[in-house]
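Visitor: Before I ask anything, let me first share the structure, which is written out below as structure tokens.
What follows is calculated from the coordinates using simple rules that are stated; it is not laboratory data. Owing to the predicted nature of the structure, the values given are computational and were not obtained by experimental measurement. As a convention, Cβ positions derive from the backbone with ideal geometry for all residues, glycine included, and neighbour counts pool all protein chains shown.
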Amino acid sequence: MKDKKRYSDGKRVSTFALFRRNPCFRFIFLFRVCAFTKRFSLVGVVARIWFKHVQRRFGFQIPHTTKIGGGLFFSHYGGIVVNPKTVIGENCNIAQGVTIGQINTGEKAGCPVIGNQVWIGPNAVVVGKITIGDDVLIAPLSYVNFDVTQGSVVMGNPAKIVSDKGSFGYINNV
């Protein structure tokens, strides 16, 4: 499981131990169980109830219907909001306070599609029908509402592309 690898820091640790001690891993584990079980199966019902509890307790607003690739990593929990129509690629990092949302009117109406190995810093906002390329770093407190090309570093409010060094060094345990 790619998610477990991202949270274990390269150490051999059991899934149960990681589940018990890391709330972010617990959330993503229950997210995966809810996404892959039938709605009215016993496991599905129990997982969804537990998932709702974990969402409220740790401040995640990410429906289990969201399309998220393997290896998602939350560096901290609290205040993370993701629209259910958003698509997130593999091995992405999302920090606390991040909002990934929808715009309802205009030419950018819709939700973001986020590529692989994207690092989104604390309190960043990514909104609208935009595409974030692979290997992108979105700096803390940035407001991104435009397409971002592969390998870019984005920062500011309103955001600007400031570099082409990408997220190299920020995505660990891939």
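Visitor: Which of ARG32, ARG56 comes first, and how do the rest follow, when ranked by fewest Cβ neighbours within 10 Å?
Guide: By the 10 Å Cβ count, ascending: ARG56, ARG32.
Visitor: Nearest 10 degrees, 0 to 90: what angle lies between the long axis of helix 23-36 and the longest principal axis of the chain (Cα atoms)?
Guide: Once rounded, one gets 80 degrees.
Visitor: Which entries in the list LYS108/LYS160; LYS38/LYS67; LYS67/LYS129 go over 25 Å, if you measure between the two C-alpha atoms of each?
Guide: Beyond 25 Å between Cα atoms: no listed pair.
Visitor: Right, next: Kirkwood Rh over Cα pairs of the chain into Stokes-Einstein at 20 °C, 1.002 mPa s: D in µm²/s?
Guide: This corresponds to a translational diffusion coefficient of 131 µm²/s.
Visitor: While we're on this one: For the chain, with the dipole built from +1 on Lys and Arg beta-carbon atoms and -1 on Asp and Glu ones, taken about the Cα centre, which of ASN93, ASN145, ALA35 lies farthest toward the positive end?
Guide: Checking the options against the dipole of the chain, the answer is ALA35.
Visitor: Note the angle between two axes, namely the Cα long axis of helix 42-58 and the longest principal axis of the Cα atoms of the chain, as a number of degrees from 0 to 90, rounded to the nearest 10.
Guide: 50
Visitor: Bin width 10 Å, alpha-carbon pairs only: give the P(r) of the range 115-170 as whole percents, running from 0 to the bin holding the largest distance.
Guide: 31, 64, 6
Visitor: Taking the chain as a Gaussian network, Cα atoms linked when under 10 Å apart, which of LEU18, LEU141, LEU72 shows the biggest mean-square fluctuation?
Guide: LEU18
Visitor: Please rank SER75, SER14, fewest neighbouring Cβ atoms within 10 Å first, as an exposure proxy.
Guide: The most exposed by this proxy come first: SER14, SER75.
Visitor: Please get the size of the charge dipole for the chain, origin at its Cα centre, with Cβ charges of +1 on Lys and Arg and -1 on Asp and Glu, quoted in debye to the nearest 20.
Guide: 980
Visitor: Counting Lys +1, Arg +1, Asp -1, Glu -1, what net charge surrounds ARG26 among other residues with beta carbon under 12 Å of its beta carbon?
Guide: Neighbourhood net charge equals +4.
Visitor: Can you compute 3J(HN,Hα) from phi for each residue in the range 119-133, using the Karplus curve 6.51 cos²θ - 1.76 cosθ + 1.60 with θ = phi - 60°, rounded to whole Hz and x for Gly and Pro?
Guide: Along the range 119-133, the couplings run 10, 10, x, x, 6, 7, 10, 10, 9, x, 7, 10, 10, 9, x Hz.
Visitor: Hey, with R₀ at 45 Å, roughly what FRET efficiency would ARG56 and ASP164 work out to, going by the Cβ-Cβ distance, to 0.05?
Guide: Efficiency at R0 = 45 Å is approximately 0.65.
Visitor: Continuing with the same structure: Which is farthest toward the positive dipole end of the chain among GLY133, GLY115, VAL13, measuring Cα position about the Cα centre, with Cβ charges +1 (Lys, Arg) and -1 (Asp, Glu)?
Guide: After comparing all options, I get VAL13.
Visitor: What is the order of HIS76, HIS53, HIS64, fewest Cβ neighbours within 10 Å to most?
Guide: HIS53, HIS76, HIS64
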